[in-house]
Every structure is written in C-alpha cells, then in structure tokens.
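Input: a single structure, listed below in structure tokens.
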Amino acid sequence: MAAERGGCSLEAVPLPPEVRESLAELELELSEGDITQKGYEKKRAKLLARYIPLIQGVDPSLQAENRVPGSSQATAAVSKQQKSRSTNSRDERFRSDVHTEAVQAALAKYKERKMPMPSKRRSVLVHSSVETYTPPDTSSASEDEGSLRRQGRITSTPFQSHSNVEPWLNRVIQGSSTSSSASSTSSHPGGKPAAASNTATATAAATVLADLMAHTQLDNHSAPPDVTTGLVEHLHHERPQVASVRGVPRGYHSSILETADGVPVNSRVSSKIQQLLNTLKRPKRPPLKEFFVDDFEELLEVQQPDPNQPKPEGNQMNVLKGEPLGVVTNWPPSLLAALQCWGTTQPKAPCLTALDTTGKAIYTLTYGKLWSRSLKLAYTLLNKLTTKSEPLLKPGDRVALVFPNSDPVMFMVAFYGCLLAELIPVPIEVPLTRKDAGSQQIGFLLGSCGVTLALTTDACQKGLPKAQTGEVVTFKGWPRLIWFVIDGKHLAKPTKDWHPQVRDASAEIAYIEYKTSKEGSTVGITISHASMLAHCHALTQACGYSEAETLTNVLDFKRDAGLWHGVLTSVMNRMHVISIPYALMKVNPLSWIQKVCLYKARVAVVKSRDMHWSLLAQRDQRDVSLSSLRMLIVADGANPWSISSCDAFLNVFQSRGLRPEVICPCASSSEALTVAIRRPPELGGPPPGKAVLSMNCLSFGVIRVDTEEKLSVLTVQDVGQIMPGANVCVVKVDGTPYLCKADEVGEICVNSGATGMAYFGLLGITKNVFEAIPVTAAGVPVSDQPFTRTGLLGFVGPDYLVFVVGKLDGLITVSGRRHNADDVVATALAVEPMKFVYRGRIAVFSVTVLHDDRIVLVAEQRPDASEEDSFQWMSRVLQAIDSIHQVGVYCLALVPANTLPKAPLGGIHISETKQRFLEGALHPCNVLMCPHTCVTNLPKPRQKQPDVGPASMIVGNLVAGKRIAQASGRDVTQLEDNDQARKFLYLADVLQWRAQTTPDHPLFLLLNSKGTVASTASCIQLHKRAERVAVALIEKGRLNVGDHVALVYPPGVDLIATFYGCLYAGCIPITVRPPHPQNLATTLPTVKMIVEVSKSACILTTQAIMKLLKSKEAATAVDIKTWPTILDTDDMPKKKLASIFRPTSPDMLAYLDFSVSTTGILAGVKMSHAATSALCRSIKLQCELYPSRQIAICLDPYCGLGFALWCLCSVYSGHQSILVPPLELESNVSLWLSAVSQYKVRVTFCSYSVMEMCTKGLGTQTDNLRMKGVNLSCVRTCMVVAEERPRITLTQSFSKLFKDLGLSARAVSTTFGCRVNVAICLQGTAGPDPTTVYVDMRALRHDRVRLVERGSPHSLPLMESGKILPGVKVIIAHTETKGPLGDSHLGEIWVSSPHNATGYYTVYGEEALHADHFTARLSFGDTQTVWARTGYLGFLRRTELTDASGERHDALYVVGSLDETLELRGMRYHPIDIETSVIRAHKSIAECAVFTWTNLLVVVVELEGSEQEALDLVALVTNVVLEEHYLIVGVVVIVDPGVIPINSRGEKQRMHLRDGFLADQLDPIYVAYNM
C-alpha cells in the first residue's frame, strides 16, 4: 500500500511467512527497547536482502504512484508488514505509513523555522516535572495507549528508589537554567533562519551567556534544593531592582530610564520578541473605498469562498435500498419470547461466560439460569419494593443499571429482569468518584428520565463512595437514588400464581441508551421493543448468525455494538458469548485471541484498538489459531484510521489461520444502530473497497480520488453494505436535508424499522434527527417515511458500498472548510519522534472564538520530556497540520501525564477536556498559541483620513446640527466674595490674618491608626511653627529668597507648618514623599531625583528620615554624598521672624508640584500665588466651605489636589480638616469611615486605593461597624481624587457595600485633575448628581462617541467626573488638527482657568513642550483664548438636568490619558478596557496591565492562585481580547501578585512595567509568545 521508507518497493515480492514473522518480532523487540535502532536496521536488512530488487536510488514518494484505489484485497495485504521502525509503539488506529511519510515530507519543506520558545520560571519547571514524574497510570491507560502492562514488567518503573530520582532532579534543575535561553536565538537580519542554535548570532550567544551567568547559582548545588521554596529565594536576590521613575531629563541615568524604542542589547525578552515578529507576516493594508466607510461597526471579515475550490459535479444520488428482511416462519414475536423459549426448552445451553482479570472463566450463565433469575428479579422489583405501602415502581418506569465492565452476568440478568417487569433499563457507567468526567451530565439524564432506583451488584455497591450515614453519596447533579443490590440473596422467589406477561414486540420503549454529544451534554436514546427485535433480525441476517454459535465480545456490553451483538442478538439465536473484560485486555492484550482459539469461536466483536494491542504482544503466542473465525467484526470500522489496524493485523495473523475476507468493518451510530456491515464470505458480498481521497477536496465536502498531491490523502476502507430492510441516502450536513451528489460527502440517513425512536424528553432535537425528510434539489421529498440522521459523514461508493470519512461530532468547520478531529489527531501522531507525548492521549476539539471554530490540540506529555523537546515537537505538529490540512492550530497544549479526564473505558473524555480548557482548569505544562496564523477574520485595519481640516469639521457639525463642545463652571467674577478674594491673594497673608482674628480656631486634626488625635494645629500654633521654620531656613540654611526647598515628611502637621515656613521666608517649597525604610532601593532614587530635578538648595525633614537619608543602606541605592543641606525641624529654637516675605506680584512662583505620571514620567509644574489662591477659592465655592465646617481627608499630601486639600484649603477657607494618612489604614481599615462617622463629616475626600482597601477589607464587617455605631448618613458628598477615568465598578460596589451604614447612593462621586490643572471637576455639595452614559466601545476606538442602551453588546459605562469648578472653562479639541469638536465627539480636553499651572519645571526648560501644553490656541473658531492641554481624551454632553444657575447642565466624561492609549490596527485602544476584559477571564487573575512593544500587544497578568494555573490563563486571555477587542495578544506574561507597579494614587505604572519586562526584571512565572 505504501512505499517503504527505506526507499525500496516490496510490492513486487510476496514474502514467505517465516520471514514475515521474524520481521514482526524484530519490530517488537525494537518497540520494547530490547535492541537498538542500529541493530534493528542491520538485522532487517539481512532478512530482506534477497527479496529486494535493487532500486534503492528511487525517491520513495515516486514509488507510491502505482497505488490504485483498487478493490482487490491482495494489494492491501502486501507490504504492510514492512513498516518502518517505530510503528509498533504506535497506535494502529491512527497509523498509516502513507501518512507518516506525508508528514515527514511536509515538515522537510519547512526546514527549521525558529519560533521563540516560552520562558518558564525555574521553580515551575521543576515543580511540574517532579509532580508528573510518576509512571503513567497504567490502570487506566487509555483505549489507544500503546503502553501496556505486562506481568513481570511492572517493577521497572522509575521511583523504585530515591537514588534514582535525585540525579534526575539535578538534571532537571541544571537543564532548566539553560532551557529558556538555548532556544532564544534570533534569526539573522537577512531573514534566513540561523542554521542551528550553536551557530547563532553573536547577540543571541551573548543572551545565552548572560542567561547562564544569571543562573549559575542554581547549578552549584550538589544536593537538589527544596524545589518549592529554595529556588524562588535564590532568584529573588539575583534580580536587579527596577528604578521607579522614568524621569523627564534626558541625560539622567538613561540606562534605567529610557529603553524608548531601542532594545536593550542583553534582554532575552527582546530577542524572543524579535523572533516572534520574524514569524509574523504583516498583513497588507487594503485601501479604503471612501471617507468613513467604517462608520461605526468594524465589520468582521467574512471569508469569501475561493472561486477555484473543488465543487461536486456528479448526479444527484438516489435512495439506496437494502435487501429485504427474510421471512422466517419460527421467528419469535419478541426478544423476551425467545428468552422464554430457550430458558424453558434448552435450560442447560450456555449463554454467557464471564472471565476474571487473569483470563480464567469464573462463571457460565445458562439460558435456564438467565430465565429463572430474570423472573425472580422482575417479581422482586414489582412486588417487594415499596415506599409508604405503595409499590415503588410501576410498568414503564425507568431504572438505572450500574454494573462494572467485569460483570456481564449480573448486567444481563438485570437487563432482562427489567424487560420482564415492563420497566425501562437505563444502563450507565459506574461512578467512581464524585467528580468523574461527565458524571454530572449522566445525573441530568437520570433526573430527566425520572429514575429513582439503581440496580447494582454487591461488590459494586461496596466500592461506591459513601456518606457518613453509610449510604451511597449523592453524586453531583444526580437525583436521589435508592440503590438495590440484585445478588441472589436479595431476590424473592415468585409465587406460584405469578407469571410475567411476555407480550409481542410493540412500539413501547424497551431500553434507553445514553450518548454524550460533542458539547458534553448527555442524551438518552429510546429504543422500542419492535426496533430492538427488528435490529436483532437484521443483524442475524447480515452476519449469518446461526443457533448455538460461539461469539467473543471485547466491547462494552452496556451499549452500542457490544450490547447489540453480545446481549440481544445472541439471546435471539441461543448463542454462547465469551465476554472479555477491559481490565483483562489491559493486562493481556492477547486474551481475546486466546479465547477465540480456546472456544473455537466463529465470531469476534472488537475495536481496532484491540487488534493493535494484540499486535504488540503477538510474539508471546506461537500456537494461537484464528482459523475458526468466520467473522471478525470491527465495530469502529467507520473510523477512517481503522484500515491500517485491519491491514497490520491481517499481515501478522494470516499465518495463524486468519482469512482476509473474515475482517468485517461495520458502521453504527447511537441513533440509527447498525448502519452498514461488511458481509461474511459465505453470504457472498462484493469484494472490499478502498479509496485514497484528497484531504483538501474532502475539506470542501467533495470526493476526489487523489492523483497529484501525494502528501495529504486519506485512505478509507468500506464498511460494507447497508442493513437488510433499510433505505439509506446521503444528505447535506447543514440546513435542509437536500440529497447530495454522487461525489459529495454528506450525512448518512437511514430509514428502517430498526433505528432509535427519539431523544428522551427532547422533542425539538428529536424532530431534527429522527424525523428528517430528505428532499431532492427541486424540493420534492424522496419518501413519505421519515429518515434518521446517523451523525456519520460519508458517501456511497462503487458496488453500493458505504464509505465513512468522519463523524459529525468530530467535525470542525474553520472558515468554511470542514476538518475531522480524528484526521488532525492522526497527523499529530505521524510527527516523529513520538517520545515526548503519549500516543492515544491526544484530544482535538474546536472552540468558537470570534465567530469561527478554532482548533485546539491537547496531549499528555511524558514526564521525562524536556522543555525544549516538547516545544520542538509542538512546533513540528503545527507545521505538519498546516501542510497536510492547510489549517492553523489555534492552541496546542501539553498537560502532565494522566491528567486528562478519561472516558469510562479508556480514551479521553473530549467534551470534559474542552470544558476544562474553557474554564481554565486544564493546568497545562506547555502551551503554544498561534492566533496570528489562525485568525483571519479580523476587521480591516482602519486608515486615518488626513485631509479633513478643522474648518470642515465645524461645518460638518453645523450641518449635523451639533453644537461645538464647550462648557464652563460658574463665573467667578460675578460672585459675592470678590473683595475677600482680593484680600486673600497670598496664603501667607491669610494665615497671619487668621492667627490674629481667630487665634484658637482649630484648623487641623491628625488621626493615628487607633483613631485618636495624634496632633492638632490652631491658627496661632500653625503661624508660630511656620515662623520658626522660616528663621531656621534663613539662619541655619542660609537660604535666599527664591531658593527651592524639598520638604520630606510623613503626612502630618509638620508638613503643613514647614510649607508655610517656606512661604514666610520667601522660599519655594516642594513636597516629597519620604522613602520607604523597607524598600529603599526603589523609593529612594525617586526622592533623589525630585530633589535634583527641582534644584532644591535644602532638604527639611525629621531626625529619623535625616538618618535614613544618610544611612549605609541608602548609600547602596543612591550617592548620599551629593545631598544638599539637610535640616531637621524636630526641635527648633523659638525665635521670632524679623519680617515675613511679601511677593512683589501674584504671578510669582508659590510652590512646585512634582508627580510621576502613569506613563512613568516625572513632571513638576509651577504654581503661582494667583493660581494657588484661585484654586482654593474655586474649591471653597464648590464645596461651600466656611470656618464652621469640617471635612475629612484620606489622601496623600504630596501632589495635585491631595496636596491642595491637605495643606492649602483649610488656611484659605478656615474650615477644620480631619487628616487621615492612608498609610494608617493598613493597620486599621475602618479608620477613615469611623472618623467620618464620629465627627459627622458632610464632605470627605479619598483616593481609589483607599476606597479599594475599604471595599476589600470591610466587605464582611459592615455588621460589626454598625454595632460600633458607625453611621455614614451624615455624608453629603464623598469624592475620589483621581487623574483617570472614573472607576465605576469600584465606586458602585463601595456605595452598595456601605449603604447598610447609611451612606446615600448619591454621595459618591469622583474628581478630575491633571498636571496642567490639578482640579478641573469636583462634585461639590450643590448641583445635579453625576450622570452615567453607555457608549459603544467599537465607535470609541475610532474616536467617535455613540451612546447605546445599558447592557447592549460592546457597551462601556462612563461616569461624569464631577461638576466643572467655578472659573474653569473646558473645550474638546481634535488631537491633531487642534480644531474644536462637536458635542459627543471624542477629543482632547482643553482647559482655561485662573488656577491653571503656569508651566512645567524641568532641568532643560523644554520650551516647545511647555508652550504646547500650557498656551495652546484653537486652530479655528475662537483663536484668542489661551488653553492648557490636559493630555486626556474625553467628551462633553449636554444633559437634561439643570445646574445651580438654571442653565442646562453640561457633563464632562473622561475616557483616558492620551499618552497611555495604544494605537493598534489603526484604532485607539484604552488599556483599562482591555485590562477589564482580561480580569474577567479567570477567577485567579488578580490584576492585569497591558502595553505595546514593536506592534505587539503585551498582556501582564498577576496570578492569584497556584502556579499550576499559570498556563491556563494564556488561552483565556488570548480568547477574551480577541472576542471583545478584535486584537491578537502577542505576548502573555504571568507574574506574581504585586509585580504590576502602582503609584500613590492607585494608578498602574504601565511604562515601568514595560521597562521591567524588557530588561527581564519581572521574574515571570511564564511568558508565552503567541505565534
């Protein structure tokens, strides 16, 4: 059939049997590892030397040309025995030489295309390997596993002794330190892949070296370290810390601060990303037809069918009629009548022989015993089981049959006992644990069938898990069951007058067979008494069964062919069944052949797996003979890959008496029962057929015998003719069941008296499947009888033979082409070498992502396979599948040995595996995602239209009837406090005035973590302390007017006093957050940087911090010799200041405000005296602040609005501020809310981090707080100070949570400020409540705002950021043209107000930057007003509400920072939206941050959970971002909680994270590079 890979054809020469046998033995020795590959080749060559014609030089692929899809059995039999090496260790079910060759040839085309290998944290690597390094659990070696148990072999598993393990562990640890680097060789710039990793480019070599250096510590341990803890600690102190600031000054420490777009040379990450980029092809951007073609939706590309794709050309098929059912005079009227007849007339005839696991016959059930015990059971069920004196069961009730595969006798008694009692048996698997794969679905089936009773055996009942009461537990999803044991002692003898009614076969339900669908749901198929009888009749006729024949059954007798042949038809014909339990097959795969030989069985019912297994063990048996067999029924003959098992089996056993024509494949389905079967020779069917079909055409549903394309073919055998008395046709798979053409693949449909009736209780899908009416192309029904859809895909070939090419369940439709899961598995199995994964432990299924099926392949990895080997195997599998099937694999995952869910009799439970994959519970140890190659239906990238100017925008808005977007707060010039405002121009004057007029009025109360007052300051106290500071600055610090002073204080009154001290002395204060003593390495450089950038001449601080700044620890982080003068203010002399400094003009600088933006840039802004007092005045007006008021502040006092509220506003307005340092909440979460309640505060401010701490920390404690008397009903407004889009979910959950403590739902709102203006919006105490709108996220990416209803798809809720402050004007401008935009257009928020900052304060005053941000003018319209650009995108919308002045209220919505947005595929994305989706993807994702690098989207997720779950997240993250944002994730980085840096305002520092990632400093658990 296939050309020999050695390069010689054996077609010419039939080999003598003894040579064949020696070859087979050799194969086995090799597969068992008894001889080496070399020895094998030598011996083999010797054996074949005289048979091989000398045509070694011919290319093997040419030799396959003489293959003809012939129907003669002879060609099939030849040359199969000369399989190349390694076949025997393979699963024959999926084995095909042609295929292996094809795959090898395909792979050769690719050469070695280097893919970046994922990097895995060492601890995970070792951890997972140790866990999985146990021998595969052979007790459930899957149905197609090649590794079988043999007696005497068991001892050789690893883990015999610990000595074995340790060197292995060392090897893993040492190997692991190089594993992630060895593959990171980047390709040459020329695009040719590096020849191999040892000749890699210099940079890659450097990478590898650096990599090894970084981990040399690991290699020095002679004893393996504690893998769970040791490794992690070593890695900790190796890792260089990331500096926390990216600084504006270009010259400063550029190595730490700026990796900009340059790539740090020595980064392993960068070389991997480079490789990744090399593997991606950039899509060409198609030209846009006209302006705004993508108006709102980005439409997903719909795959246009290829005009050249093959189309069926044959005539429409006709309905195929089977031979008529023969009329037999003495045919029994029902199956029970047959049983009664044999049980009474032939009571001694053997019915069933059961074997134990050693192969000994333990019991033979005779027909007499079967009849009498079934009668006893029927009587007991109907008469002896009662509940509340009512009989428990009535005829027609369903009963579960729970019997192990090793007890066919009890099952048979139970089955027939139920039929006699007119009960409906529902056979199911034995549930072993509460969490069996698919067990819950079986429970649903039992529930929907109304099952209350389960029959089982004594032994089985003892083995079921029990509850404390000793009763069998109720399994998850199962109904409550009464378990009844049917062993003899529990059955009652029927009374003399009791006789069951043996009725004629009727349309009543006889039994229900369960079936699990592709999605994992379990349905029950009802079979009537009439169908059961007709099916037995048809099988008897088709198989030529005769009375008292012996049959060997290897299949599961509870369902499908095992039940039909081994329990039903056998009784009909008084046959003797030898039942081979699965457990025996695993111990001795030859057992069924030995029993055929021993009992001279005429028929054997097997699966191709059983044939394959027996091949592996056949050399142990010289004396078996299969000459008695007249029929070897291959129950899964419909599997396209069974043909090679049949051929291989015949090759080996033909010499043992097996005749070729005895092999009879059949096709069956749960719905239609047996569909077709090859007839035994004595019934004289047509000769068997074989077809070699083009895989490409099959994917379009067209049958073409393959001629030119040697690589991708599918060889299928026929499954014989259709059943007697049946009509069969092939219909289109989707939609109306139109008849197919002769050369078209479709679903086979059957109409006969021997099919299932319905899905129990499911009328809708029953109609679809059991009552299909096939129609001709013209729409005319082909018959008045309904047909049953079989779920088998196939066609009718020559001689009316049926060919099956796949199952509907395994069908995967990717962009319009159909692929079969089994075929994909076979291709994966043909990839050599197979030593990294277990054969037959491979699952292929599809998941729907972005409206198309995506192929997922999951395999079990052998514990000894190294990272690199597995990764290489994975990349080769991808390439093979791509070549052979022309389809991309979306995700390939390897899981540790024995972790995939198993089906009851071996094999993998596919739907459960899929379920786990989608839930993120698969726990793979290796993952490779290839979304770039698979996902071809993304929307087209958007192209910007450059030629639309600002003028045309305005005209467009006018035409559309939209107003220009602008809004303002109340006009300050009209307000009553104007004369006061003139007096209060300088804050230093205000403080002195208050110290004279209300000296003892308390301004500040500072609380400690216990909630007690730590310090206070009245007007006079503050004034006096400020004077002392001013004296110290002038005398001790020798500072001049205008010098800059850094104030490094913890939050408190000292900070406020020193601030005013600076103003009194004429110095410029800069507040700086003190370094964290436990984390100097990251926090001190920021302090140093602010001090240097602000050119501070002096530092004021406390004694403790002063010591810290000069300590040895500090010296390791910064150069402590270069600090300016440091003064501590703890004990200053009480001196009076000669004169308080008075600025000459309100435009003079009052203070500098420094803060690190979210993009990691340190920016200081200049605040003049005029701006400072204007800011205080606006806040005073908005919040109605007077000396009699109290406000509570839980904010950091170092920059922005937090600083203004903490240090400035109380002095200006005279109200009392209760200061709660956020740090104190770490030891007492309820501190802030208790203070608010205790002081009955009406207005309070906090930050998002504080709100989050309260929500997380007090979630369960609201009752305790209420008991303690915490009451928040006093709060009129609680404002979150922020420089970002309002976090609606957080504010809403906060409101909901504390509603119980009286917090009004309307109280919580947010503020908005930024660097150019620290307070633009602030809710205040009056004015309408903040509004929320829902916008379309897709339109937003195109900078358009489209409002949608709440809950509509792609909707994003946005909350207004508070009311615009008095004196502030806002306009929305286009980011590029700087023209004004209309209402509801997304653009940059520009602001004009008296409290705008006057400019950035930088080392090299970058004037261009300054002018652009602080003095921008519109390019069109009002070109006079000077605006400051906030750097934030947002939009204005006029609402229906009215504001204080009676006008309609304009709401400002902030969408996000312009610097943070990601430009991808021509659209603008906000990181927070992608992050929100990702966090929802899995319960273990604690936090997430995204950024881009070289056009790739990088997603960093913090894993809160065990490291096993790390790789589950890769696919889930990729899926959710594709589904919701139409973006392909390039790199997924999984890190520990707390790695994503967050600033004091609770904002993510994404740029820091990016720098840390590129510099390889994140110590990630896993990094996946999506292809």
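Kindly state, to the nearest 0.05, the FRET efficiency for M1267 paired with Q468, given R0 = 51 Å and r defined as their beta-carbon distance.
In this case the efficiency is close to 0.90.
Provide the net charge surrounding L629, with neighbours chosen by a C-beta distance below 13 Å and charges set as Lys +1, Arg +1, Asp -1, Glu -1.
Once positives and negatives cancel, what remains is +3.
Would you calculate the separation in nanometres between label points at A548 and T386, each defined as 7 Å from the Cα along the Cα-to-beta-carbon direction?
For A548 paired with T386, the spin-label model returns 4.7 nm.
Could you order the peptides 719-728, 1138-1147, 1393-1402 from most to least packed, using the average number of other C-beta atoms within 10 Å per residue?
In descending order of packing, they fall as 719-728, 1393-1402, 1138-1147.
Could you work out how far the C-alpha centroid of the range 841-883 sits from that of the range 1259-1294, in angstrom?
48 Å
Net charge within 14 Å of I1474 by Cβ-Cβ distance, Lys/Arg positive one each and Asp/Glu negative one each, not counting I1474 itself?
Within the 14 Å Cβ shell, the charges total +1.
Please say if the range 1477-1571 is rounded, prolate or oblate, where rounded means a/c under 1.5 for a ≥ b ≥ c the square roots of the C-alpha gyration tensor eigenvalues, and otherwise the choice is prolate for a/b larger than b/c and oblate otherwise?
rounded
For E519 paired with K348, estimate the spin-label separation in nm (one decimal), with each label point 7 Å from Cα along the Cα-to-Cβ line.
5.7 nm
Could you give the accessible area per residue of the range 411-522, probe 1.4 Å, as a whole number in Å²?
Normalised by residue count, the accessible surface of the range 411-522 is 46 Å².
Which cross-chain or sequence-distant (5 or more) residues have an amide H under 5 Å from the amide H of R818, H modelled 1.01 Å from N in plane?
Distant-sequence amide H within range of R818: F700, G701.
Using modelled backbone amide H atoms (1.01 Å from N, in-plane), which distant-in-sequence or interchain residues come within less than 5 Å of L693's amide H?
D706, L714, T715, V716
Fully extended, how many nm does the chain gain between D1130 and H1076 (0.36 nm per residue separation, minus their Cα-Cα distance)?
Result: 17.5 nm gained on full extension.
According to a simple spin-label model (label point 7 Å from Cα along Cα-to-Cβ), what is the distance in nm between K835 and D864?
For the pair D864/K835, the computed spacing is 0.8 nm.
Could you tell me how far the Cα centroid of the range 561-630 sits from the Cα centroid of the range 1013-1082, in Å?
Centre-to-centre distance over Cα atoms comes out at 93 Å.
R0 = 51 Å: FRET efficiency of Q980 with K1112, Cβ-based, nearest 0.05?
The value I calculate is 0.45.
Let me check I've understood the local charge: for C1321, count other residues with C-beta under 9 angstrom from its C-beta, Lys and Arg +1, Asp and Glu -1. What total comes out?
0
Rounded, prolate or oblate: which fits the range 1289-1362 when a ≥ b ≥ c are the square roots of the eigenvalues of the alpha-carbon gyration tensor, with rounded for a/c under 1.5 and prolate only if a/b beats b/c?
Oblate.
Between the alpha-carbon centers of the range 764-790 and the range 466-486, tell me the distance in whole angstrom.
Measuring centre to centre over Cα atoms gives 42 Å.
Here are some pairs, K384/K476; K807/K914; K1095/K1136; K767/K902; K348/K493; which of them have Cα atoms lying more than 24 Å apart in this structure?
K384/K476; K1095/K1136; K767/K902
Can you sort R704, R1480, R1177, R480 by 1.4 Å-probe accessible area, starting with the largest?
R480, R1480, R704, R1177
The values are calculated or read from the model by the stated rules, or taken from the named source; none is laboratory data. All values reported here derive from a predicted model rather than from experimental measurement. Virtual Cβ from ideal backbone geometry, glycine too; neighbours counted across all protein chains shown. Just the protein is used for accessible areas: all its heavy atoms, side chains included, with ligands, DNA and RNA removed. Shrake-Rupley method; radii C 1.70, N 1.55, O 1.52, S 1.80 Å.
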